[in-house]
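Q: First the structure, which I've put down as structure tokens, then a few questions once you've had a look.
The values are calculated or read from the model by the stated rules, or taken from the named source; none is laboratory data. From a predicted model like this one, the values you see are computed outputs, not experimental measurements. Neighbour counts run over all protein chains shown; Cβ positions are idealised from the backbone, glycine included. All accessible areas refer to the heavy atoms of the entire protein, side chains included, with ligands and DNA or RNA removed. Shrake-Rupley method; radii C 1.70, N 1.55, O 1.52, S 1.80 Å.
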Amino acid sequence: MATTILTVVATSLTNVWLEDGGKHYLLFFFTLYLPPYSFHRKILYYPYHVSLHPEGIMTQRLDWNTYFMSIARMVSERATCTRASIGAVIVRDRNIIATGYNGSPAGQPHCTEVGCLIYVSKNPNGEEEENCFRTIHAEINAITQAAKHGTSIDGADIYVTASPCYHCLKTLMNCGIKRVFYAKPYKIHNIKDLIDNSDVELVHIPLD
């Protein structure tokens, strides 16, 4: 559990479940340790079909992809840009090695405090895009966090709550990321050529 980056403890209550109109919900307690701060505790309710052993023991659990994507969604709640809250988790060998969320550089004013700095640009197709000048994207923050602590991410996977923008995907490719898992699509058409001409795999992992 010891890490200088972020420790996330996810504990499922295997014998506690709620029924609501025929839907079952698993309760997950997430505790985020953010040194030097104490912790942030949250309960997430996930619609989930469960099979119970006669003695009341759950026989199904979250698959790895949903598990890591759920943690990325929790990380996104630290985001400070008012336009979007994005979380990213870099994983290798089923171990979290870095996390990131979108927000201002350390020590700088956050969008939640002073507002966003919006600028408009055009991509080569002529499509206009609005972006926040103040904000660093979640994927880049995860990469820089790994670099700061001397952790290689070559050959790792990344879980992001939204598909990466063109610039983030270029950076992820050069860092050696092999698979990009995303929960919500964001202008997929803008990164299609990059994906088609690379070895990076883009995988959709939707969350309810």
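Q: Any chance you could look up the accessible area of Asp63 with a 1.4 Å probe, heavy atoms only, rounded to 10 Å²?
A: The value for Asp63 is about 80 Å².
Q: FRET efficiency for Glu130 and His189, Cβ-Cβ distance as r, R0 = 22 Å, nearest 0.05?
A: After rounding to 0.05, the efficiency reads 0.85.
Q: Would you check the accessible area of Lys122, probe 1.4 Å, heavy atoms only, in square angstrom rounded to 10?
A: 140 Å²
Q: Moving on to the next point. Going by accessible area, probe 1.4 Å, with all protein chains left in place, what is the ranking of Arg179, Arg83, Arg61, Arg134, largest first?
A: Descending accessible area places them as Arg61, Arg83, Arg179, Arg134.
Q: Pairs of alpha-carbon atoms within less than 8 angstrom and 6+ residues apart define the contacts here; what relative contact order does segment 74-208 have, in percent?
A: Numbers: 270 pairs, mean separation 27.9, N = 135.
Reported relative contact order: 21 percent.
Q: Something else now. Does segment 111-208 come out rounded, prolate or oblate by the C-alpha gyration tensor, with a ≥ b ≥ c the root eigenvalues, rounded set by a/c under 1.5 and, if not, prolate when a/b is larger than b/c and oblate if not?
A: Since a/c reaches 1.5 but b/c is at least a/b, the shape of segment 111-208 is classed as oblate.
Q: Evaluate E = 1/(1 + (r/R0)^6) for Gln60 and Asn95, where r is the Cβ-Cβ distance and R0 equals 30 Å; express this FRET efficiency to the nearest 0.05. Let's see the in-between values first.
A: On the way: r = 23 Å, r/R0 = 0.76.
According to the calculation, E is roughly 0.85.
Q: Any idea how far apart Ser121 and Lys178 come out in nm if each label point goes 7 Å out from Cα toward Cβ?
A: It is 3.1 nm.
Q: How much length is gained if the chain between Thr171 and Asp196 is pulled fully straight, taking 0.36 nm per residue apart and subtracting their Cα-Cα distance, in nm to one decimal?
A: Contour length minus Cα-Cα distance gives 7.4 nm.
Q: Right, next: If I ignore ligands, DNA and RNA and count only protein heavy atoms, how much of Tyr119 is accessible to a 1.4 Å probe, in Å² to the nearest 10?
A: Answer for Tyr119: close to 100 Å² accessible.
Q: Students sometimes get this wrong: rank His137, His167 by accessible area, probe 1.4 Å, all chains present, largest first. Each step should come with its number before you reach the end.
A: Working: His137 70, His167 125 Å².
Heavy-atom accessible area, descending, gives His167, His137.
Q: Of His204, His189, which has the most accessible area with a 1.4 Å probe, and how do the rest follow in descending order?
A: Largest accessible area first, the residues go His189, His204.
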